[in-house]
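What follows is one structure encoded as structure tokens, with my remarks underneath.
The values are calculated or read from the model by the stated rules, or taken from the named source; none is laboratory data. Since we're looking at a predicted model, the values are computed, not measured. Note that we place each Cβ from the backbone using ideal geometry, even for glycine, and neighbour counts take in every protein chain shown. With ligands, DNA and RNA removed, areas are computed over all heavy atoms of the protein, side chains included. Shrake-Rupley method; radii C 1.70, N 1.55, O 1.52, S 1.80 Å.
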Amino acid sequence: MPEEPAARPQEPPAVRNYQAEKVKAAAAGQSVKSFRAGYAPPATAKSQLVAGPDGLPPLRLVPSNNGLDLALPDGELVDYKILALRHFQIFAFRVVGMGFYEDPEKPIKFRNGQRVQPVREPDNGHDANAVAIHAGRPAKKIGYVNKQRASWVARLLDSGQDLDGIIIQSKASSPRVLLTTPEMLAYLQRD
């Protein structure tokens, strides 16, 4: 009598749910992380990120489960990784290198909406495009703009452009920061 093939062990519910999310996210052209966060699919966001007659994007900073997020007029959230944001001089990233500047005896407490300031470090021996991020009063270095965004930000600072920033996600060990022009930041924070 032939042996029946062994039944495959059933995957735990968490694995099945993740696989289902992965399929849905892929269909929307998103990562599972972006899909879970509730971000609009990239093609949708990109098609709506068109400057209005005033030259400004149809965006606003809104509170979300993630902290502060950029939202379109219909309320859909825009993933901070959308490259179209750079056309409006909006850069969002996790601060890197914090371990070198944080005092273990006095960990820095961040809050969403907290102001930060970019400081150009053209003589940095590790990266000619280095831009430090300073926070607190008195302001002290907390880390750096990541390499993917640093060249864009450094170019703007080197050209004399003022940039302001705020913390948009403070929950993680490394806060996520949004940098842009002072005018754009005021526009994004409008009521």
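For the stretch 169-181, indicate whether the set of residues that are assigned to a loop (DSSP other than H, G, I, E, B), open to solvent by 60 Å² or more (accessible area, probe 1.4 Å) and modelled with pLDDT of 95 or more is non-empty. Checked the stretch 169-181: no residue is assigned to a loop (DSSP other than H, G, I, E, B), open to solvent by 60 Å² or more (accessible area, probe 1.4 Å) and modelled with pLDDT of 95 or more.
Quick one: is Pro118 at pLDDT 95 or above, within 26 Å of Ala154 (Cα to Cα), surrounded by 11 or more Cβ atoms within 10 Å (Cβ to Cβ) and touching a strand residue (DSSP E or B) at 6+ places or on another chain (Cβ under 7 Å)? In short, yes.
Taking every residue in the stretch 169-186 that is without any contact (Cβ under 8 Å) to a residue 24 or more places away in the chain and over 13 Å from Lys109 (Cβ atoms) and pairing it with any residue that is acidic (Asp, Glu) and open to solvent by 20 Å² or more (accessible area, probe 1.4 Å), at least 6 positions away or on another chain, the pairs with Cβ-Cβ distances below 7 Å are Pro182/Asp162; Pro182/Asp164; Leu185/Asp164.
When residues in the stretch 69-106 are screened for being touching a residue at least 12 places away in the same chain (Cβ under 8 Å), assigned to a strand (DSSP E or B) and more than 20 Å from Pro42 (Cβ to Cβ), 1 of them pass. Comparison of Ala25, Ala20, Ala43 shows that the only residue that is modelled with pLDDT under 90, in a helix (DSSP H, G or I) and open to solvent by 60 Å² or more (accessible area, probe 1.4 Å) is Ala43.
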